[in-house]
1. Calculate the translational D of region 245-285 in whole µm² s⁻¹ from Stokes-Einstein, where the hydrodynamic radius comes from the Kirkwood formula applied to all Cα pairs, the temperature is 4 °C and the viscosity 1.567 mPa s.
2. With only alpha-carbon pairs counted, each pair once and no self-pairs, how large is the Kirkwood hydrodynamic radius of region 435-581 in angstroms?
3. Which of the DSSP-defined H helices in the chain satisfy a minimum axial length of 18 Å, computed from C-alpha atoms, and a minimum mean Kyte-Doolittle hydropathy of 0.5?
4. Let me make sure I get this right: for region 551-702, a, b and c are the square roots of the gyration tensor eigenvalues over alpha carbons, sorted descending. Under 1.5 in a/c it's rounded, otherwise prolate if a/b > b/c, else oblate. Which is it?
5. Send over the per residue convex hull volume for region 674-720, Cα only, as a whole number of Å³.
6. Distances longer than 36 Å among the Cα atoms of the chain: what percent of all pairs is that?
7. What value does region 594-670 have for Rg/Rh, both radii from Cα atoms and Rh as Kirkwood defines it?
8. Farthest toward the dipole's positive end in the chain, which of Ser187, Ala491, Gly622, given Cβ charges of +1 (Lys, Arg) and -1 (Asp, Glu) about the Cα centre?
Amino acid sequence: MRAILSALVIRYIRQNALRSAVTVIAVMLGVALVFAIDVANSTAVASFSSSVNVIAGHVDLQVFGVGDGFDERTLLRVQRQNGITAAYPIIEDELIVGERRGYPESGEVLRVIGMDVTRPLPRAMPSGSVIDLNRFINGNGVIISERVAWQYHARSGEILHAYAGIRRVDLYVSAVLPANTAGVDSSVAFVDIATAQDLFLKVGRLDRIDLDADPTRLPAIRSAVMRIVPPGVRVIKPSVRADEIGRLLRSFRLNLEALSYVALLVGMYLIYNTLAISIVQRKPEISTLRSIGARRSQIFAAFLCEGALYGLAGSAAGLLAGALLAQAAVGAVSHTVSTLYVGSHADAVVFTAGAFIQALAVGIGSSVLSAAAPAWEAASIAPAIGMRSAGYEERALGGSQMAAGLGLLLLAAAWLAARAPAFDGLPIFGYLSAVLMIAGASLCVPAVLAIALRILRLIPNRRLPSFSLALQAMGSATRRYAVAIASLAVAVAMMTSIAILITSFRATIVDWAAQTLQADLFVKPPGVVDASFSGRFTPELVRKISGVRGVSAVDTFRGFAIPFRGGITYLGATDFRSFGSRNKVSFISRVDPAGLSRTMPGSLRVIASEPFIIRFGMRDGGTFVLDTPSGKRRFTIVATYNDYSSDAGAFIMDRATFRRLYHDRSSDSIAVYLRPGASLPAVRSAILRAVAPARIDIESNRELRAIVLNIFDRTFAITNALYIVSIVIAVLGVVSTLFALVLERRREIALLRYLGVSIAGVRRMVYTQAGVVGVIAALWGLLLGAALSLVLIFVINLQSFGWVISLRLPYRFFGEVVLLIIAAAIVAAIYPASVAARIQTAEVLRDE
């Protein structure tokens, strides 16, 4: 076996170092993307989970409130329970630092933890740290990270300027945490709990209590605590909260990971084609080894080993490249998570042994899998037939019809899979449909190529003999060109399907924003906000804005995340009395807004978003029970509306009902409607003067829509990057295929030169082949991409996120991608054409 590997594999790789390097690079790029996305996803989740238990010691249980928290006197009752060894009251909220006036999306969100310093200090504090406890407790003291201190020029003993909601606050830096402090990312800050209650208007309230308890009696202790806490408060293990966040992010992570595997899939096509072509080139060696006693199993194993070598080398290089890419990927993923799901910040990439092992296994495993079919064909070569060049290719051509038949069967199976429901909330059959569609379309490529060649031969070409010669050469190696076309077509298809998805989604967002964002001005707290940010506008501030001259009416909205059926969703509250005169949401079901304005106020009726309906299996007219601070209440869903702010789902109740049940009169945002003829700039300035010294950001209708679209474009930036890499890998496959076929047909090219074909004619042959590959791959890829986009929009997206998207086709993109792929294929032919032009006729014929 060692001799077979040396003669059949090692020597060939050395003699064809360039082709081998191209194959390794393709695997490297695929593995790098898979590894970088996996690390980015894990880091984004870990950045939230890492700060769940940053308060002293190990936390066994946590008492959690929702919205405005719960009465702080609950702490005394909890502390008296048997089995509780320590109870740490906590306030959780957010500050904005670094906000610049006039730039509503500037600044950074700091997650603030208010703690009782009469208890042990956070375990994040290193031993020997110097902290001014007096200023920390009595002087608005704050402990910040070294990064924040350096970035915002607030060293220990200096002042950190920030915004707590709409109020500017000056905090005294009592201590600075060293960089890379274990368990805490740099966006977490600590204040005394009394300071936190004052900063965030939560005097007399707590957000959570961390409990140290007897680990042998946790179920009994949890039950006892549950009996004494206020309604709407829950007692859970710390892992439950992380699990809820993980479940919230599950679909987002899974879809991103699936996209990253596309590049690896295209790389598998390249490995398959590389080995399939090399087997034809090595038929004499294979036949010789078989004739002197080598078994079929040994030949099969040798080519599997070659695939494994490509996989090992590419995966090793991919891990290094992926480690570099991960930093950029972490930033993009964390930003999306913070914007759409939950406040998150990642200081550094979190590498785990599992991520390395998984990426290595996927890279090697996919390479071996893609090598299996060529290896089986090599093992099947009979010694006598292998000495003749026609036998292998004739059998391959004869199998194209069978492959097309199998491809059609897979396409039919893909259609059936697309009609299946989600499994445990995940579009498993949607992914299966996409895979079957790609496999089926790939198997149909040889037949598509054969049909295309027949059509092209009908084109008059008496003055272009190189055109006919190129088509003839492609017809004698249909399957080899078909694999290159398939790999490029898959890359085009995935890019096309994503382009259709993004175009459709963006157009839907534009329509949704135009329908729902109808107020003239929108008021929010200053600075950038994330998915967990809470505004805290007081009723007094709302009254001040309502009284400004030129203001016709105002609408307020209050919302926050709540646990629901093992996951997380969003509860919202607004005034339904104005639904008859103003459109606030885009309804899916047929609804009479005027009827809602009469029946909703003060009732236990809600409207629910489409993602909420899909995620939790609800329907119009359905009911659900919610544990509120006023006790358990049963709500009825009376209408469904479109919402694209988060796939976690949301439901909205009337403001009067919300205030009665949650005892919360604050607002997160304010929509302002102007009187006819009122000057928007003048009213904006008047509002700013009316609320002074409070700081607010005011965006016009147009400005807010621009912000919404900017968030959308940033969210999909990483998706576009993934498919650029896929196209690069596919183009490498074209280079490899054309180069290998030029080398294989050295004798035919030499004979053509001998018979009078010029060097320019040889170049035109290769360029013609590349152009045909590019045209067929582009057109077939567009067709496949259009079909995949239907699965993405109406199956995977709908089952994953619950978003209803209207199909829009980017016709300009279709034309651009055809030109791009043809140009890329022709550029890929430059080197193979140059090699073909340098073939020495006399030398080759003498060798033959």
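The values are calculated or read from the model by the stated rules, or taken from the named source; none is laboratory data. Since the model is a prediction, treat every value here as computed from it, not as a measurement. Glycine gets a Cβ as well: all are built from the backbone with ideal geometry, and neighbour counts include every protein chain shown. In case anyone asks, the SASA skips ligands and DNA or RNA and just uses the protein heavy atoms, side chains included. Shrake-Rupley method; radii C 1.70, N 1.55, O 1.52, S 1.80 Å.
1. Numbers: Rh = 12.7 Å.
Reported coefficient: 102 µm²/s.
2. 22.3 Å
3. Values: long enough: 17-49 (47 Å, 1.67); 238-281 (61 Å, 0.72); 296-340 (57 Å, 1.13); 353-380 (40 Å, 1.14); 400-418 (27 Å, 1.65); 428-457 (44 Å, 1.90); 478-516 (54 Å, 1.10); 701-715 (21 Å, -0.19); 717-744 (41 Å, 2.16); 759-791 (48 Å, 1.56); 811-828 (26 Å, 2.04).
Passing helices, by number: 17-49, 238-281, 296-340, 353-380, 400-418, 428-457, 478-516, 717-744, 759-791, 811-828.
4. Numbers: a/c = 1.98, a/b = 1.68, b/c = 1.18.
Prolate, since a/c reaches 1.5 and a/b exceeds b/c.
5. Details: hull volume 3.9 nm³, N = 47.
Hull volume normalised by residue count: 82 Å³.
6. Values: 199973 of 359128 pairs.
Distances greater than 36 Å cover 56 percent of the Cα pairs.
7. Numbers: Rg = 12.5 Å, Rh = 13.2 Å.
Ratio of gyration radius to Kirkwood radius: 0.95.
8. Ala491
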